[in-house]
Structures are given as C-alpha cells and as structure tokens.
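**Q** Here's a structure for you.
The values are calculated or read from the model by the stated rules, or taken from the named source; none is laboratory data. Since the structure is predicted, the reported quantities are computational estimates derived from the model, not experimental observations. Here the Cβ is made from the backbone with ideal geometry for all residues, glycine too, and neighbour counts use every protein chain on show. Heads up: the accessible areas ignore ligands, DNA and RNA and are worked out on the full protein's heavy atoms, side chains in. Shrake-Rupley method; radii C 1.70, N 1.55, O 1.52, S 1.80 Å.
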Amino acid sequence: MGVVEKISGFAGKTFTLWVILFAVIAYILPNQFIWIGDYIVPLLGIVMFGMGLTLSAADFKEVFRRPKEVALGVAGHFIIMPLLAFGLAIGFDLPKEVAVGVILVGCCPSGTASNVMVFLARGNVALAVAIASVSTILAPIVTPLLILLLASKWVNISIGSLFISIIQVVIIPLLLGFIVKKFFGKQAEAGAKALPLVSVISIVLIVSAVVAGSQAQLAKTGLLIFAVVVLHNVLGFLLGFFFARLCGMDLAKQKAVAMEVGMQNSGLGVAIATAHFSPLAAVPSAIFSVWHNISGSVLAFIFSRMKDKKKVGTVKNSSIKTDASL
C-alpha cells in the first residue's frame, strides 16, 4: 500500500502536468481518445465517490458554528460566477454552444481541488470545506435553476433532466462515499490513500475525451474559449476576495472565499454538457479544469505570502506593552 500511496501522492502533485500532456495528445490523436466520451459520467461519479470518502460529519460543524460566513461564501459563489459567465458570453458575443458551455461551468458548485489550494494559501480551511460541501449539496437545485435563468437565451433547458443528472453524477456517489467511510472506516481510510491517483486518472480521461470529441471546433475557437475561461476564473478570484473583505471577514477567510468562488467543479460542467448539449459546450469546462489548477496554485503561493495587517498590528502592540511592563 505504501507504493500506491507514493505513486498517488506523486500523481496529485503533478496533476496539472498530466492533464495538459494528455489534452495535447488527444488534440493531435483524437481518434485514440474519442471513445472515452461514453464514460465521462461514470468517471466523474468515481471522482465524487472519492470526495465522499474524505467527508465527515465534522466538515459540516462549521456550518452551525459560523452560518453567516458559510452562507455568504455559498451565495457569493452562486452569484458571482454565474453572472460573470453570462456577462462574458454577452460581451464576447460567443457562439451559442460556447456561450452555453461558459454558463454551465459558471453555474457549477465549488471545485474539488479548492480546499487544497486554501490550505496551501494558509487560508481558513474549515470555512472552505464547509462552503464547498454546502454548495455541492445545493447543486441539484441551484445549478439547474441558474442554467435555466441564464442559458435559456441560447438553448431550451429541461430543468428536470438536469436535476436528475446532478443527483446521479454528484449526490449519489458523494453519499455512497460518505456511507462507506461511516461504516467501513478503516477500509475507507486505506482506500483513500489511492484517491489522488484515481481522481487524476479520471479527470485526465475526461479532459482527453472532451478535447478529442471537439478537436475540429477547438481549432476554430480554442483561443477565444481559453481567453474567456481565464478571465472568468481570474475575475472570480478577485471578486470573491473583495466580496469577503466587504463582508468584514479576516484575511484567512478572504482567501478561503476567493478560492471557493473562483474554482468550479468543472467536471460536472463537462458531464452536463456531454449529456444534454454538445461536445463543444463541454470545452469551456475542460479548459477550466486545467486552468484553475494552474491559476489556483499561483494564487495560493501569492496568498501564502500575505499577512493580516490587523493581526500583525495586534502582535506588535502586545509586544510593546510587554516590553513596557518590563
């Protein structure tokens, strides 16, 4: 098991490299990867099952300890990213399928990698986990409603089928993982050591399938989609950070909210697009999956160098008082 754990750890650390590498290969040799498109939904189910194995009742205690901050983080996520997506789709006059794809990724819950980025950023991990968990649980209701509200300008939306898809792809695997951990704790803990490897393989296969399935369209609109995805993600980080500051949160919480707002469960966007729309509509989510791990890592490094001025000031003042008493 030690060997698997080491390989799994290596795969997790080099995740972005593998996604980029296989995306390029799939673009060059699409016929070798296009068959994977039939397995996108079960692959995402595997990722969500793995996420369920890492959840515990303690992760939801934060919701009751600080309900206002969790609610603000979730609200910020489901307001900022969808509206940004809609604004970018209109502002860039995106083709119908691309516009729908950008809105899809904007309406998804928080990304599965966001909690790791918050940890690296020295942010409030407990708050980040609570926001991600609540946004994921709310996704079957909130995500279809937002897609209906924002994407119906371009396509007809079946809110019922979207609801069922998200339940099947996200909630059921998540609950199964949670239940397995609850009743088979030791086995689940041992299996969790291989989770980074399983998740990396699954996401790499999903991205490769999307790139292969839309290779021709990517050749025409790839740069435009990439530019929109980068803007969407970066603006999400910025607005999330200043939204948390406006709400009076400290720096650690601002970092958590920024990451949870700016990072999306883009795998869900891929699954929804593939099942209900078109391969091209899945491309923004696939690109987002690669990009937000790169930008998130960079932002985590920047955040880790930032210190809360209020806390620094408090420490200095306490030091002065201590010196004076001596």
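**Q** Can you show me the helix-derived [θ] at 222 nm for the chain, built from DSSP H runs with n ≥ 4 at -39,500 (n - 2.57) apiece and divided by the number of residues, rounded to the nearest 500.
**A** That calculation yields -26500 deg cm²/dmol at 222 nm.
**Q** Can you compute 3J(HN,Hα) from phi for each residue in segment 23-36, using the Karplus curve 6.51 cos²θ - 1.76 cosθ + 1.60 with θ = phi - 60°, rounded to whole Hz and x for Gly and Pro?
**A** 5, 5, 4, 5, 5, 6, 10, x, 5, 7, 10, 4, 5, 5
**Q** Calculate what fraction, in whole %, of the accessible area of the chain sits on carbon and sulfur atoms when a 1.4 Å probe is rolled over the protein chains.
**A** 70
**Q** Okay, moving on. Could you state the angle between the C-alpha long axis of helix 67-91 and the longest principal axis of the C-alpha atoms of the chain, as a value from 0 to 90 degrees rounded to the nearest 10?
**A** With rounding to tens, the tilt is 40 degrees.
**Q** Okay, moving on. Taking the Cα centre of segment 14-155 as the origin, how large is its charge dipole in debye, to the nearest 20, when only Lys and Arg (+1) and Asp and Glu (-1) carry charge on their Cβ atoms?
**A** With only Lys, Arg, Asp and Glu charged at Cβ, the dipole is about 380 debye.
**Q** Enter the accessible area per residue of the chain (Å², integer; probe 1.4 Å; all protein chains in place).
**A** 47
**Q** Classify segment 166-286 as rounded, prolate or oblate, taking a ≥ b ≥ c as the square roots of the eigenvalues of its Cα gyration tensor: rounded when a/c is under 1.5, otherwise prolate if a/b is larger than b/c and oblate if not.
**A** oblate
**Q** Which one, V198, I166, N156, is farthest towards the positive end of the dipole of the chain when Lys and Arg carry +1 and Asp and Glu -1 on their Cβ?
**A** V198
**Q** On C-alpha positions alone, give me the angle between the axis of helix 251-262 and the longest principal axis of the chain, in degrees, nearest 10.
**A** Value to nearest ten degrees: 10.
**Q** Scan around S56 for amide H atoms under 5 Å from its own, H built in the peptide plane at 1.01 Å from N, and keep only partners 5 or more places away or cross-chain.
**A** Amide H neighbours of S56: none.
**Q** Please report, in debye to the nearest 20, how large the charge dipole of the chain is about its Cα centre when each Lys and Arg carries +1 at its beta carbon and each Asp and Glu carries -1 there.
**A** Result for the chain is approximately 1060 debye, rounded to the nearest 20.
**Q** Same structure, new question: Once you sort the root eigenvalues of the Cα gyration tensor of segment 1-150 as a ≥ b ≥ c, which label holds: rounded (a/c under 1.5), prolate (a/b larger than b/c) or oblate (the other case)?
**A** oblate
**Q** Also: With the cut-off at 1.5 for a/c, could you classify the chain from its C-alpha gyration tensor as rounded, prolate or oblate?
**A** prolate
**Q** Hey, another quick one. In the structure shown, do any of K13/K181; K61/K255; K68/K96 have a Cα-Cα gap over 28 Å, and if so which?
**A** Violating the 28 Å Cα-Cα cut-off are K68/K96.
**Q** Ok, one more. Select from M81, A300, F178 the residue farthest towards the positive end of the dipole of the chain; place +1 on Cβ of Lys and Arg, -1 on Cβ of Asp and Glu, and compute about the Cα centre.
**A** A300
**Q** Name the residues whose placed amide hydrogens come within less than 5 Å of the amide hydrogen of Q264, ignoring near sequence neighbours (fewer than 5 apart) on the same chain.
**A** Excluding prolines and chain starts, which carry no amide H, the hits are G111.
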